[in-house]
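Data first, discussion second: the structure below is written as structure tokens.
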Number of protein chains: 2
Amino acid sequence: MDVTATTADLASAAADAARLLPTRAPVPAGLVLRADRHGVEVAGSGREHAIRLTRPATVHADGAVLVPAAPLAGTLRGLDDPRVRLVVEGSRLAVRTATARFALPLLDLAAHPGVPPLPPRVGSVPARALTAALTPVAGAASKDDALPVFTGVRVHGTTSRLELMATDRYRMAFASLPWARTAELDVLAPAAVLAEASKHPDRDAEVSVHADADRVALSWSGGSVSTALLAAPFPDDRARKLLEAVIDSTVLVEADVLAGAVRRAVPYAGPHGSVTIQVDDGEVRVRGSDPRAGESEESVKATIDGNRVTKTFQARYLADALRAFSGRRVELRIQDGLRSTVLTSPAGEDGVELTYLVVPLRTQV
Amino acid sequence: MDVTATTADLASAAADAARLLPTRAPVPAGLVLRADRHGVEVAGSGREHAIRLTRPATVHADGAVLVPAAPLAGTLRGLDDPRVRLVVEGSRLAVRTATARFALPLLDLAAHPGVPPLPPRVGSVPARALTAALTPVAGAASKDDALPVFTGVRVHGTTSRLELMATDRYRMAFASLPWARTAELDVLAPAAVLAEASKHPDRDAEVSVHADADRVALSWSGGSVSTALLAAPFPDDRARKLLEAVIDSTVLVEADVLAGAVRRAVPYAGPHGSVTIQVDDGEVRVRGSDPRAGESEESVKATIDGNRVTKTFQARYLADALRAFSGRRVELRIQDGLRSTVLTSPAGEDGVELTYLVVPLRTQV
């Protein structure tokens, strides 16, 4: 193998691929580099995830090698030279610039398990809309691996819409976006890796969705990421029932303005990290109270429809929910008692419809 | 007390003061706010450090209060409003904007130990030069409180130069700069707080140095920071002896170019984090070798005078030393055996002369 390529191209591919591989394996994680007439492909696979990224390159000699991921990514990231040459020299892959040579040992490519092929294609979506929908939904999933079902995004394709749903039991996010369906799709995928994968393609690219009984994948011109499905039954019916709100009061407000007031109440959020939202005439009041820090109250202009109610929330859950509607007006549909507050907003130009539920806290009387 | 001031002014003062106070005290750290015809003063003191910062303000009513530091700093930092009002309302200090009120409890000002007065003034230096000298010297001090002497900066005023010295036993930095002396100065001061304090005044300000047998302080128009001295004898004679180098080889090189090569060798620095510098004709070669990552070699153009020698260093110590000479040509004076390598550079416009010593590693044969 002998190729010359743009350093930034290769560096981003190696970094993205290395990040997806397990870091604490007994042997160093390896990346497969393959040069052919299409350019150079950087590929890697761990127990769950797999990634392929193709970058343009001037190929002097075809070939494939397996090299340790971390030093390859670290070296490419640190180079100031705009172009770099990767060439096999004996038992080493040399990363060469005019003044430097970095020699990575060639690992045993024959012993590598290989990068699994993509499952069948089931439909496609624009990259920009997919990210806009996946980012907030994946953010509502749990980071705690102890309960795998809550670390997943439920991905369901209806005839015309792709539906995404996730919950950690304290909040839930549901998004739907237009898609072109070619086959059935109904899976529970790891939230974090799917959200990360959706950011790899160009914003204007079309992303294909692939799935079978074991894996789900996203692919685009120049790359793909696939991952093993979570083998847990998502509480579909209960989740969908939560979306049927019985509204006590509706608040229409600028999401960023309310988010700013919530952020400023955080020093006063007390031992439970809670803030109170009080619905009043033409405004909502954001209040905090802490035995040591003192009290806070901030008014935010809003259009109110319904009863004057007061709800208490975990400040960070409410902040996460509002961030999902950043730059837009958001509607808060407040329900009675301890039923969730539902945040929604009209679909944007990308056709993404987002609904975010936050469970209020039991208030001290 | 009742004042109106620029939010950014007050926010930076409260943040700087809060950062200097102990965070894990049994009671919340307090800041004293004092309004008079000079404006508003934000002051605080812990067991070791004390700070006073004056900011311009429109004073509607004089007065002084003690409030918890963290929520005051957090609230001011989060405000979007350009102006803010601080006014005593009953048992609270209200931080007010057009739409919000944050009410901090008034703590018992009478029980506050007070902010100690400044020790006598012993001389003065320009802020810019002081920071340029203190930042690299303080960076060579240890962060490990177990051996207090190595966390200090030795500050010594001769008739015309202010001398700063610190070592953690593996490297040593020595800087001197012109100063206007008015009295004796010979102290060991905590490195981190002194370096931080030197960044508070405007770059063009003149900074006064104050000291007595217990404390050292920096003051400038609008503020001061003082701190308790370290009660440990600095190994002066040994340190100064290290500066008397017997040169084996001299390398003149662009500090940033050599630093880049050292940084790129880090993935290959092996279990000891070491890089090797080999002096050759018209260049130095930076080499790394690691059983898993492979080998690296990079050439850096240099002017060489003396023998061809090879030295191995801790990569991060060498990187720290080179960073201190960023933007300049640095001279490496390499000594025989395990004697330190001495880095120097001609004094800049600010008159700061800097010498940095790095102890080489014993190399495997």
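The values are calculated or read from the model by the stated rules, or taken from the named source; none is laboratory data. Computed from a predicted model, the values in this text were never measured in an experiment. Don't worry about glycine lacking a Cβ; one is built from the backbone with ideal geometry, like all the others, and counts go over all protein chains shown. What goes into the accessible areas is simple: the full protein's heavy atoms, side chains included, and nothing from ligands, DNA or RNA. Shrake-Rupley method; radii C 1.70, N 1.55, O 1.52, S 1.80 Å.
Below, the figures for the structure above:
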{"read-out": "P(r), alpha carbons of the range A:153-195 - 10 Å bins starting at zero, rounded %", "value": "28, 54, 17, 1"}
{"read-out": "Percent breakdown of C-alpha pair distances by 10 Å bin, ordered from the shortest bin, for the range B:278-339", "value": "18, 51, 28, 3"}
{"read-out": "The range A:121-235: proportion of alpha-carbon pairs further apart than 17 angstrom, %", "value": "49 percent"}
{"read-out": "The range A:149-163 - phi-based ³J(HN,Hα) in whole Hz, Karplus 6.51/-1.76/1.60, Gly and Pro as x", "value": "4, 7, 9, x, 10, 6, 10, 9, x, 8, 4, 10, 10, 9, 10"}
{"read-out": "Lysine-lysine proximity count for chain B, Cα under 30 Å, sequence distance 8 or more or distinct chains", "value": "5"}
{"read-out": "Most mobile listed residue (A:P271, A:P119, A:P235) in chain A, GNM with C-alpha springs under 10 Å", "value": "A:P271"}
{"read-out": "Relative contact order (percent, whole number), the range B:121-234, Cα cutoff 8 Å, 6+ residue spacing", "value": "32 percent"}
{"read-out": "Longest segment of chain B lacking GluC sites (Glu not before Pro) that sit in a DSSP loop with at most 16 other Cβ atoms within 10 Å", "value": "B:49-183"}
{"read-out": "Neighbour-limited loop hits for trypsin sites (Lys or Arg not before Pro), the range A:147-237 (at most 14 other Cβ within 10 Å; DSSP other than H, G, I, E, B)", "value": "A:R169, A:K199, A:R203"}
{"read-out": "Value of relative contact order over the range B:223-338, rounded to a whole percent, pairs C-alpha under 8 Å and six or more apart", "value": "35 percent"}
{"read-out": "Highest-fluctuation residue, A:H38, A:H49, A:H210 considered, GNM on chain A with Cα pairs under 10 Å", "value": "A:H38"}
{"read-out": "Karplus 3J(HN,Hα) series, Hz, for the range A:50-58 with 6.51 cos²θ - 1.76 cosθ + 1.60 (x for Gly, Pro)", "value": "9, 9, 9, 9, 9, 10, x, 7, 8"}
{"read-out": "Accessible area per residue, Å², chain B with all protein chains present, probe 1.4 Å", "value": "45 Å²"}
{"read-out": "Using a 7 Å Cα-to-Cβ projection, A:A110 label spacings across copies, nm, ascending", "value": "8.8"}
{"read-out": "Unit charges at the beta carbon, dipole of the range B:245-358: most positive-side option, B:S249, B:Q278, B:P267", "value": "B:P267"}
{"read-out": "Axis-nearest residue of B (beta carbon) for the B-onto-A rotation, whole Å", "value": "B:K143, 15"}
{"read-out": "The range B:2-111, Cα convex hull volume normalised per residue, Å³", "value": "95 Å³"}
{"read-out": "Alpha-carbon centroids, the range A:52-92 and the range B:296-365: separation in whole Å", "value": "31 Å"}
{"read-out": "For A:G30, residues with placed amide H under 5 Å, excluding near neighbours", "value": "A:A69"}
{"read-out": "Among A:T355, A:T167, A:T159: highest mean-square fluctuation, GNM of chain A, C-alpha pairs under 10 Å", "value": "A:T159"}
{"read-out": "Interface area, A with B, accessible, probe 1.4 Å, both sides summed, Å² nearest 100", "value": "2300 Å²"}
{"read-out": "Value of [θ]222 nm, deg cm²/dmol, for chain B, DSSP H segments ≥ 4, -39500 (n - 2.57) each, nearest 500", "value": "-5500 deg cm²/dmol"}
{"read-out": "Cα convex hull of the protein assembly as shown, projected area averaged across orientations, nm²", "value": "37.4 nm²"}
{"read-out": "Principal axis box of the range A:184-245, alpha-carbon based, largest edge first, Å", "value": "40, 28, 22"}
{"read-out": "Cα-based convex hull volume of chain B per residue, rounded to whole Å³", "value": "170 Å³"}
{"read-out": "Given charges at beta-carbon only (K, R positive; D, E negative), |dipole| of chain A in Debye", "value": "580 debye"}
{"read-out": "Chain B, relative contact order in percent, only Cα pairs under 8 angstrom and at least six apart counted", "value": "13 percent"}
{"read-out": "Most positive-pole-ward Cα, A:T303, A:Y317, A:G348, against dipole of the range A:275-365 from beta carbon charges", "value": "A:Y317"}
{"read-out": "Electrostatic dipole magnitude of the range B:245-358 [Cβ: Lys, Arg +1; Asp, Glu -1; Cα centre; debye, to 20]", "value": "360 debye"}
{"read-out": "Principal-axis tilt of helix B:7-20 within chain B, Cα atoms, nearest 10 degrees", "value": "60 degrees"}
{"read-out": "Simple Cβ-charge dipole of the protein assembly as shown, Lys/Arg +1 and Asp/Glu -1, about Cα centre, in debye nearest 20", "value": "600 debye"}
